1. Quick check: is even one residue across region 90-101 assigned by TED's automatic domain parsing to the domain that holds THR137, of a type in the set (Gly, Ala, Ser) and surrounded by 12 or more Cβ atoms within 10 Å (Cβ to Cβ)?
2. In region 71-85, how many residues are in contact with a helix residue (DSSP H, G or I) (Cβ under 6 Å, 6 or more places away or on another chain) and within 20 Å of ARG41 (Cα to Cα)?
3. Looking only at residues that are assigned to a loop (DSSP other than H, G, I, E, B) and at pLDDT 70 or above in region 104-144, which one is surrounded by the most Cβ atoms within 10 Å (Cβ to Cβ)?
4. Only one of LEU40, LEU74 is free of Cβ contacts under 8 Å to residues at least 40 places away in the same chain and under 30 Å from ALA167 (Cβ atoms); which?
5. Do we have LYS66 as modelled with pLDDT under 85 and not assigned by TED's automatic domain parsing to the domain that holds THR138 here?
Amino acid sequence: MNEQRQNSAPQNFGAATRNRHDRETLTALGKSAGVSRETLRKVEKIDKTAPAVLRKVMGKTISFHKAYEFNQRLQSMPEEEREVWAVWLIQKEIEDKASGVFREKRIAAKLADIMTAAQRNGKCLTEEAVDLYLQHTTDDISDIIGSVGEEIRLLCKLRQMFLSRKAMG
């Protein structure tokens, strides 16, 4: 009877233990690499199934997450077309990033204009400096408020980047 039970064990018996071990290993590897277990899982999947061009640029030109998203989209396409579509997706992503940089530069320029108006007045940011700027601009105040809010967000992000570089040594 015991022999019959042993032979009737499910084929995936022990898979939960192996899966837990795999998760723990990925977690440890991710921690040492400074990425999440999920990112490592995505990289592993990309390495196995993505076109060469996508594997080459992931983590450099485009993020691991974006490369994974692209790879998921490419899996539904005929294999012989995947490389061409991967190149197109990568180029589109680069163009979108460039467009975002241009937008950020415009926002930074607007904030610089406000700061310049304040400095011309010999003061830091004061109510008078804001009034002076508003007198000489054609921009809508709601647009200015949105731009300044976005610039503050970007400056906070920039500060975090410098802080993380400082922490690295």
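The values are calculated or read from the model by the stated rules, or taken from the named source; none is laboratory data. Source: prediction; values computed, not measured. All Cβ positions, even for glycine, are placed from backbone atoms using ideal geometry, and neighbour counts span all protein chains on display.
1. Among the residues of region 90-101, not one is assigned by TED's automatic domain parsing to the domain that holds THR137, of a type in the set (Gly, Ala, Ser) and surrounded by 12 or more Cβ atoms within 10 Å (Cβ to Cβ), which makes the answer no.
2. Selection size over region 71-85: 2.
3. THR137
4. LEU40
5. No.
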